[in-house]
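A.B. asks: Take this structure first; my questions come after.
The values are calculated or read from the model by the stated rules, or taken from the named source; none is laboratory data. As the structure is a computational prediction, the values presented were derived from the model and not from experiment. Positions of Cβ are backbone-derived with ideal geometry, glycine not excepted, and every protein chain shown enters the neighbour counts.
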């Protein structure tokens, strides 16, 4: 009888401790859920930011096989490029006197616009110059020589830097959330194990 009374007292004290622990855990869980809510909102915003990185595009002057730059810009299509087209590409062909013969302007990706693919070359009596840039309406002018037939990717560099910083921050936040979930699981497992032990002791004492 004494052993049963001691066991019941132990169970009572343990249950009281568990109740206090439940209160603390509930308070912490509520606080964490509130924080998690903020984190979830942040993650939604971050996902939107990530999508913006992938869908980024510039707006370029666009024309196909026109006679000179003035005509090109005057009648150029004025709408954003497709997602992933982050460069404005310009092809300018001149005759031996330096007069424009042909102007092509288009949107393209970084696969076509590279530093090694810009510049000027002379073919027979004509000169062909190619330039690439990644800022809105940056191809208003046409390249005419090696000094202005260049490759400009400053915006792409800054965009990539921002994307890398965002990715690192998102990874750090995900790791923090996973660690928090692991602590909750360990506490839950401990409570279950303790309950099983108490139940077994009670059954054993009644035998």
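A.B. asks: For residue 136, all conditions in the list (1) in contact with a strand residue (DSSP E or B) (Cβ under 6 Å, 6 or more places away or on another chain); (2) without any contact (Cβ under 8 Å) to a residue 60 or more places away in the chain; (3) surrounded by fewer than 16 Cβ atoms within 10 Å (Cβ to Cβ) hold save one; what is the number of the exception?
C.D. replies: Unmet for residue 136, out of (1) in contact with a strand residue (DSSP E or B) (Cβ under 6 Å, 6 or more places away or on another chain); (2) without any contact (Cβ under 8 Å) to a residue 60 or more places away in the chain; (3) surrounded by fewer than 16 Cβ atoms within 10 Å (Cβ to Cβ): (2).
Condition check ((1) outside the structural domain of residue 146 (by TED's automatic domain parsing); (2) touching a residue at least 12 places away in the same chain (Cβ under 8 Å); (3) surrounded by fewer than 20 Cβ atoms within 10 Å (Cβ to Cβ); (4) over 17 Å from residue 144 (Cα atoms)) across all residues:
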position	(1), (2), (3), (4)
73	no, yes, yes, no
101	no, yes, yes, no
109	no, yes, yes, yes
113	no, yes, no, yes
117	no, yes, yes, no
131	no, yes, no, no
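A.B. asks: Out of the stretch 59-73, which residues are touching a helix residue (DSSP H, G or I) at 6+ places or on another chain (Cβ under 8 Å) and part of a loop (DSSP other than H, G, I, E, B)?
C.D. replies: The one that is touching a helix residue (DSSP H, G or I) at 6+ places or on another chain (Cβ under 8 Å) and part of a loop (DSSP other than H, G, I, E, B): 61.
A.B. asks: Moving on. I'd like to verify a number: residues in the stretch 145-165 that are loosely packed, with under 12 Cβ neighbours inside 10 Å and more than 30 Å from residue 96 (Cα to Cα), how many?
C.D. replies: 6
A.B. asks: Answer yes or no as to whether residue 121 is modelled with pLDDT of 95 or more, touching a strand residue (DSSP E or B) at 6+ places or on another chain (Cβ under 8 Å) and exposed (fewer than 15 other Cβ atoms within 10 Å of the Cβ). Show your work before the answer.
C.D. replies: Details: modelled with pLDDT of 95 or more: yes; touching a strand residue (DSSP E or B) at 6+ places or on another chain (Cβ under 8 Å): yes; exposed (fewer than 15 other Cβ atoms within 10 Å of the Cβ): yes.
Yes; evaluated as a whole, the condition is true for this residue.
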